[in-house]
Amino acid sequence: MSDDEIILSELSDDELVLQMHDDLYDGLREEIEEGVNILITRGWTPYDALTKALVAGMTIVGADFRDGILFVPEVLLAANAMKGGMAILKPLLIATGAPRMGKMVIGTVKGDIHDIGKNLVGMMMEGAGFEVRDLGINNSVDAYLAALEADQPDILGMSALLTTTMPYMKVVIDTLKEKGMREDYIVLVGGAPLNEEFGRAIGADAYCRDAAVAVETAKTLMARKHNQVSAA
Ligand code: B1M
């Protein structure tokens, strides 16, 4: 071991989080996994570890990717490190014993392979008591329709991270309308380039800024749906 090697467990919480941002940036999966484990052992909630150490670190990666400082191979390594941390947090986020709230089918739209945000939404929804079927990435209208038919969910969630793929959400919603199925589902959309106005314009029930908002929105709209059914 060299003298200047950093011992993660000897850092204070603040130092550790900053170090994890660096390690995520450098795509160091093992260090990220170790860091997450240390934070959990120190009593951090899984949600805080996720948002303050991992998501905040990925935001720095995103800015440098945008500015041409990082390139796809480095970002892939960072994403891999992030996934290592998320894999540790997933069972902790899910093991809340929350009552069953409803069912969601979620997937990233056609042409888009970004899945970290979608995975996070799926994890948080499961943690809040929703049953989640994850369709993965690059989903065509047909893939969404097949899953809706097979799983009969309450909620359809779509994710898009590219300005070139976000219009595909409208293609899916328009197809649901054409088939007379639109009102059968709560449609939630999310992803970094979207906003509320876009969500409204394409006919979604709501745009969700992040995973926590997705959970709150899903709960609110599910409660509204149940009230409508019992009032009918
Ligand atoms: Co991509 N990429 N990428 N990338 N990538 C972005 C999106 C970009 C903004 C980077 C940049 O330039 N700053 C840019 C898009 C620009 C634009 O469209 N205007 C971009 C580009 C250009 C590209 C490529 C075209 C690059 C290239 O090949 N030249 C290419 C496209 C490939 C494709 O999809 N066809 C590409 C590839 C990749 C990697 C493969 C290297 C990797 C993806 C790895 C993976 O996902 N497995 C990658 C990454 C990691 C990013 C950034 C850096 C980080 C995305 C991320 O994971 N964020 C991203 C920059 C950025 O977003 N700032 C970027 C962390 C995640 C937790 O946040 O995904 O926003 P996010 O999810 C949030 C919310 O948005 C929301 O909740 C989540 C959690 O809070 N949310 C939902 C998301 N989905 C939701 C669904 C819901 C509800 C809420 O449903 C109900």
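Where a number appears in this text, it was derived from the coordinates with a stated rule and is not lab data. Only a predicted model underlies this, so the values are computations on that prediction, with no experimental measurement involved. All Cβ positions, even for glycine, are placed from backbone atoms using ideal geometry, and neighbour counts span all protein chains on display.
Summary table
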| item | result |
| --- | --- |
| Part-to-part distance (alpha-carbon centres) for segment 93-147 and segment 1-50, which is given in Å | 28 Å |
| Pairs of Cα atoms farther than 23 Å apart, the chain, % | 51 percent |
| At most 16 other Cβ within 10 Å, DSSP loop - trypsin sites (Lys or Arg not before Pro), segment 67-167 | R100 |
| Of K83/K219; K177/K225; K52/K118; K110/K225; K110/K177; K103/K219, those spanning more than 21 Å from alpha-carbon to alpha-carbon | K83/K219; K110/K225 |
| Mean separation of Cα contacts under 8 Å (6+ apart) over length of the chain, as relative contact order % | 15 percent |
| Most fluctuating residue given options M166, M181, M86, as computed from a GNM of the chain linking Cα atoms under 10 Å | M181 |
| Fraction in percent of alpha-carbon pairs per bin - 10 Å, segment 109-184 | 18, 51, 29, 1 |
| Sparse-neighbour loop sites [GluC sites (Glu not before Pro); segment 1-105; at most 15 other C-beta within 10 Å; DSSP] | E5 |
| Relative exposure of S12, S140, judged by other C-beta atoms within 10 Å (fewest first) | S12, S140 |
| Estimated 222 nm signal from helices in the chain, with DSSP H stretches of n ≥ 4 weighted -39500 (n - 2.57), rounded to 500 | -16500 deg cm²/dmol |
| Highest-fluctuation residue, V189, V109, V171 considered, GNM on the chain with Cα pairs under 10 Å | V171 |
| Chymotrypsin sites (Phe, Trp or Tyr not before Pro) restricted to DSSP loop in segment 36-128 with at most 14 other C-beta within 10 Å | F71 |
| Cα-centre dipole for the chain with unit charges at Cβ (Lys and Arg positive, Asp and Glu negative), debye to 20 | 1520 debye |
| Linear extension gain, I137 paired with K170, 0.36 nm per residue minus alpha-carbon span | 10.2 nm |
| Relative contact order of segment 1-110, defined on C-alpha pairs under 8 angstrom at six or more residues apart (%) | 32 percent |
